[in-house]
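Visitor: Okay, handing you the structure first.
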Amino acid sequence: MSDARTLSRTDYTFRARGQFALSQDEAWDRMTQQWLPAWLGLPSIPLMVGGPLVKNPGKNRQIIGKVLGSALGHRIRVEYDSPLVNARIIVQATLMEDEGATILELDVEQAPSHEALESLREVWSERVAAAEAEVAREHEAHRAL
């Protein structure tokens, strides 16, 4: 059940929430190896604090941000240059176990304006809801076997 449309606003910040039928370890692997890299437009993200977010690794390497904080298996916080709003924003993904499922709280901070906040809210809420739907479909397919 997605709560991605419920927002708490404080100085151009919002939170999207999703619930996943995954263990916290499984959700962490998906968050750090699939979802967050795809959402940021990157091939991968480092898990160490200070690690650079590298777009187009190799000859055309472009650093678009860095990891601000990481609590392995629980939380990752990055700042990056969002092409959606042409500004550097902060994204934090926090995972918490909850009665056989995992809750994702995804915070987006430092939107440069109310209009940018609304654009970010729409896109990031859709991303969380799509990930939630993906896991739900997989869970149902597995149950049908």
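Any read-out appearing in this document is the output of simple, stated calculations on the displayed coordinates, not a laboratory observation. Keep in mind that this is a model prediction, so the values were computed, not measured. FYI the Cβ positions are ideal-geometry reconstructions off the backbone, even for glycines, and counts take in every protein chain you see.
Visitor: Let me make sure I get this right: for region 44-127, a, b and c are the square roots of the gyration tensor eigenvalues over alpha carbons, sorted descending. Under 1.5 in a/c it's rounded, otherwise prolate if a/b > b/c, else oblate. Which is it?
Guide: oblate
Visitor: Once R0 is set to 22 Å, what does the formula 1/(1 + (r/R0)^6) return for the Cβ-Cβ distance between Glu105 and Ser44, expressed as a FRET efficiency to the nearest 0.05?
Guide: Plugging the Cβ-Cβ distance into 1/(1 + (r/R0)^6) gives 0.45.
Visitor: Please determine, in degrees from 0 to 90 and to the nearest 10, the orientation of helix 114-144 with respect to the longest principal axis defined by the Cα atoms of the chain, where the helix direction is its Cα long axis.
Guide: So the inclination is approximately 30 degrees.
Visitor: Taking neighbour Cβ counts within 10 Å as the exposure measure, how do Ser70, Ser119 sort from fewest upward?
Guide: Ser119, Ser70
Visitor: For the chain, modelled as a GNM with alpha-carbon contacts under 10 angstrom, which of Ala16, Ala129, Ala71 fluctuates the most?
Guide: Highest fluctuation of the listed residues: Ala71.
Visitor: Now for a separate question. Mind checking region 67-145 for GluC sites (Glu not before Pro) that DSSP puts in a loop (not H, G, I, E or B) and that have at most 11 other Cβ atoms within 10 Å?
Guide: Passing both the DSSP loop test and the Cβ count: Glu99.
Visitor: If you average 1/r over every pair of different alpha-carbon atoms in the chain and take one over that average, what Kirkwood value in Å do you get?
Guide: About 15.6 Å for the chain.
Visitor: Run the helix sum for the chain: -39,500 (n - 2.57) per DSSP H stretch of 4+ residues, divided by residue count, reported at 222 nm to the nearest 500 deg cm²/dmol.
Guide: The helix-only estimate for the chain comes to -9500 deg cm²/dmol at 222 nm.
Visitor: Let me ask something additional. May I ask for the net charge around Ile89, where only other residues with Cβ less than 11 Å from the Cβ of Ile89 are counted and Lys, Arg are +1 while Asp, Glu are -1?
Guide: Combined, the nearby Lys, Arg, Asp and Glu give -3.
Visitor: Also, I was wondering about something else. Compute the relative contact order of region 1-118 as a whole-number percentage, counting only Cα pairs closer than 8 Å that sit 6 or more residues apart in sequence.
Guide: Worked out over region 1-118, it gives 27 percent.
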